[in-house]
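Read the figures in this text as sums done on the coordinates, not as results from a lab. From a predicted model like this one, the values you see are computed outputs, not experimental measurements. A quick note on method: Cβ atoms are made from the backbone with ideal geometry, for glycine too, and the neighbour counts reach across all protein chains shown.
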Amino acid sequence: MKYFTFDELTASYTAQQLGIDNTPDETAVNNLYRLVRLVLDPARQRLGMPIRVNSGYRSVALNRAVGGVRNSFHLSGRAADITTGNVEQNRRLFEILGSLPHCELIWERGGTWIHVAV
Ligand SMILES: [Zn+2]
């Protein structure tokens, strides 16, 4: 991982506030590393500017607390909600992500953030 830390991918304000354990199991850990290797690092490299991770891994309890769908790829560490903090830059990021491996790529809330899964 060149541009992202493991903490960024598992940290959650909601989990912290509600005392929810958000520690990924080994499979999810491996999936998170794969997500960074295949998608997040290459996207960050091409974009040339920082990307913030709003939500990466979610335990079942956390996913329920944030209203995530039941079969969400966040549960297995295969998805991240990311943003540059700027809709125009997110548009560039979305295009870049479209050319990288993914199984889900969703423009969320008018481009406030992007959901990507691999
Ligand atoms: Zn998402």
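Under a Gaussian network description of the chain, with springs only between Cα atoms under 10 Å, the residue in 48, 56, 98 that fluctuates furthest is 48. Computed from label points 7 Å out along Cα-Cβ, the spacing between residue 49 and residue 16 is 2.5 nm.
If R0 is taken as 35 Å, the Cβ-Cβ distance between residue 23 and residue 103 corresponds to a FRET efficiency of 0.90.
Taking other C-beta atoms within 10 Å as the exposure proxy, 36, 69, 53, 29 rank 69, 29, 53, 36 from fewest upward.
Highest mobility in the GNM of the chain, judged by mean-square fluctuation with C-alpha springs under 10 Å and restricted to 78, 44, 64, is found for 64. Of 17, 89, 45, the residue with the greatest mean-square motion in the GNM of the chain, using alpha carbon springs below 10 Å, is 17. Among the chymotrypsin sites (Phe, Trp or Tyr not before Pro) found in the range 55-118, not one is both in a DSSP coil and sparsely packed, with 10 or fewer other Cβ atoms within 10 Å of its Cβ.
On C-alpha positions alone, give me the angle between the axis of helix 87-98 and the longest principal axis of the chain, in degrees, nearest 10. Its long axis makes an angle of about 90 degrees. With neighbour counts taken as other beta-carbon atoms within 10 Å, the residues 26, 95, 108 rank, fewest first, as 26, 95, 108.
Just round it to a whole percent: the fraction of Cα-Cα distances in the range 6-117 exceeding 17 Å. Every Cα pair in the range 6-117 considered, those over 17 Å come to 50 percent.
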